[in-house]
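Contents: one structure, followed by commentary.
Bear in mind that the values in this text are calculations on the coordinates, not laboratory data. The structure displayed is predicted, hence computed values, not measured ones. For neighbour counting, all protein chains shown are included, and Cβ atoms are generated from backbone atoms with ideal geometry for every residue, glycine included.
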Amino acid sequence: MSDHDSELGAHGGVTPGRFYGHGLPYVSINDYPGKIIAIEGTDGVGRSTQIALLREWLEVRGYGVVETGWTRSALMQPTITLAKSSNTLNKLTFVLLYACDFADRLEKEIIPALKAGFIVLADRYIFTALARAGVRDVDREWIRQLYGFAIAPHQVFYLKIDAEALARRVLQAGGMEYWESGMDLKAGDDIYDNFRNYQRQLLKEYSAMADEFGFRVIDGRKSIGAIQEELRRQIGEFLEPPPIEKPADAVAQEPGPGSL
Amino acid sequence: MFVTEWNSSALVKAATKAGKKKNALTPMTFSLLHATDFADRLMYKIIPPLKAGMIVLADRYTYTAFARDAARNVDRQWVRDLYGFAVRPDRAVYFRVPIDTALDRLLARRVKLKFYEAGMDLGWSANPTESFRLFQSKVLEEYDRIVREHDLHVIDASASITDQQRLFRGLISDILEQKPV
């Protein structure tokens with residue numbers, strides 16, 4: 001990619017499978033056969049469940065699948081966990097630690113998988129970082145340049161949900177936690193209010209990005225089965241055009257959530 | 001007066017140490033970890049003393065990252081944009097030394113060259129000394145570019161320490177006399 005093209009930064013209009021911006025000049029990713037499918041959405045919206053089901057479905061169809069998830073890099077996970085439990089993180093180091101985690105997974109997991117023709121199921125992608133940074137008033141242009149080393153996914157699904165429904169779901173699942181509630185923003189001591197306000201702001205950021213990055217928006221309030229059906233339909237059409245047969249039946253016959 | 005050194009923040013020490021030990025860092029993660037370290041020091045160790053009217057002496061600054069990361073073939077402009085949050089120093093001084101002098105000085109002090117310092121991660125040579133020469137030559141080339149781009153003041157570091165210090169003090173005095181301390 002020429003310097004001129006890369007000036008586009010992370011804005012839309014980038015061919016899937018190519019770098020958003022300046023990329024990694026020391027890595028050539030042209031014509032790698034694998035695909036990246038990213039599932040985005042706030043905490044508690046059900047991404048992991050959907051990914052486990054998708055993985056099983058894809059593997060049964062003979063695809064090699066690699067999963068990658070936010071802050072799961074071998075290099076950065078201990079540091080991020082430690083940093084989150086202390087009070088020393090500021091918005092800048094927060095952003096940079098996440099970027100480093102993403103870079104490690106990109107180079108150690110995602111790119112090798114693409115090269116080998118795997119489907120990479122990404123539980124969150126760079127958009128989570130962009131949304132969180134957006135809420136914290138990190139310069140938009142700067143963070144888009146920063147993530148210019150990321151590869152544009154082939155499909156991005158955004159599981160959309162409203163802050164109130166999300167609050168109920170998160171409470172049922174075990175409660176609100178410090179970072180999910182944006183407590184670092186120091187808006188007050190009431191965790192419920194903070195959670196709702198923070199998640200509302202995040203949702204606004206995601207909505208703004210839906211156009212910018214061409215998200216496929218799915219209603220996250222629907223049942224697990226209905227969401228999975230929609231995901232399978234769209235992924236199926238992408239991987240095996242013309243559309244595969246009766247995805248609805250496939251869902252109905254599956255024995256519940258995946259074993260992962 | 002306050003002194004801050006490159007790569008010294010507690011925040012990323014564990015990750016940097018682990019990554020270096022296992023030789024697990026890529027040019028990109030190497031770059032981002034050092035940027036995180038710098039950001040942490042900027043917020044806690046550089047900006048507060050500046051606000052208090054102190055002089056911050058930084059042993060290496062963003063230019064080190066510009067030079068090393070570009071030598072590892074990370075995009076030059078990307079690294080410069082990455083450090084867009086940094087405070088521009090009032091004076092930046094580059095101590096320039098020929099590659100052979102640098103190598104002699106390091107080898108005289110130490111038994112072994114460090115893996116990343118010698119650019120061994122790039123796989124250009126299995127011989128540490130040769131790898132160091134190749135990698136650091138590229139780093140020096142990048143510095144020359146940075147000197148032009150950012151108006152760094154160059155001091156010949158092969159001169160005697162007394163001469164270097166005289167020049168260095170001159171450069172610093174100039175700027176201190178321009179503004180009240």
> By DSSP, what percent of the beta bridges with both residues in chain A are antiparallel, rounded to the nearest 5?
Replying inline: 5 percent
>> What lysines does A:Lys160 reach when the alpha-carbon gap must be under 24 Å and sequence neighbours fewer than 8 apart in one chain are set aside?
In response: A:Lys35, A:Lys204, A:Lys222
> For the stretch B:68-133, what does the alpha-carbon gyration tensor say about shape, rounded, prolate or oblate, given a ≥ b ≥ c as the root eigenvalues, a/c under 1.5 as rounded, and a/b over b/c as prolate?
Replying inline: oblate
> For the residue pair B:Leu107 and A:Tyr178, what label-to-label distance in nm results when each label sits 7 Å from Cα along the Cα-to-beta-carbon direction?
Replying inline: 5.1 nm
>> At a threshold of 8 angstrom on Cα-Cα distance, excluding pairs fewer than six apart, so keeping six or more, what relative contact order does the stretch B:1-139 reach in percent?
In response: 24 percent
> If each residue's Cβ is checked for other Cβ atoms within 10 Å, how do B:Arg166, A:Arg55, A:Arg232, A:Arg61 rank with the fewest at the top?
Replying inline: B:Arg166, A:Arg61, A:Arg55, A:Arg232
> Normalised by the residues of chain A, what does the relative contact order come to in percent, with Cα pairs under 8 Å and at least six apart?
Replying inline: 28 percent
> Whose amide H sits under 5 Å from the amide H of A:Val65, counting only residues 5 or more places off or on another chain, with H placed in the peptide plane?
Replying inline: A:Ile119
>> Stokes-Einstein diffusion coefficient for the stretch B:121-171 at 25 °C in a medium of 0.890 mPa s, Rh from the Kirkwood formula over Cα pairs: what value in µm²/s?
In response: 187 µm²/s
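If exposed GluC sites (Glu not before Pro) are those in a DSSP loop with at most 15 other Cβ within 10 Å, what is the longest stretch of chain A that has none?
Numbers: sites that count: A:Glu7, A:Glu177, A:Glu245.
The longest such stretch corresponds to A:8-176.
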> For chain A, rounded, prolate or oblate, judged on the Cα gyration tensor with a ≥ b ≥ c (square roots of eigenvalues), a/c < 1.5 rounded, else prolate if a/b > b/c?
Replying inline: oblate
>> For a quick check: sort B:Lys114, A:Lys35, B:Lys21 by the number of other beta carbons within 10 angstrom, fewest at the front.
In response: B:Lys21, B:Lys114, A:Lys35
> Does the protein assembly as shown classify as rounded, prolate or oblate by the C-alpha gyration tensor (a ≥ b ≥ c root eigenvalues; a/c under 1.5 gives rounded; else a/b over b/c gives prolate, otherwise oblate)?
Replying inline: prolate
> Fewest first, what order do A:Tyr32, A:Tyr178 take by the number of other Cβ atoms within 10 Å?
Replying inline: A:Tyr178, A:Tyr32
> Per-residue ellipticity at 222 nm for chain B, helices alone: DSSP H runs ≥ 4 residues times -39500 (n - 2.57), over residue total, nearest 500 deg cm²/dmol?
Replying inline: -17000 deg cm²/dmol
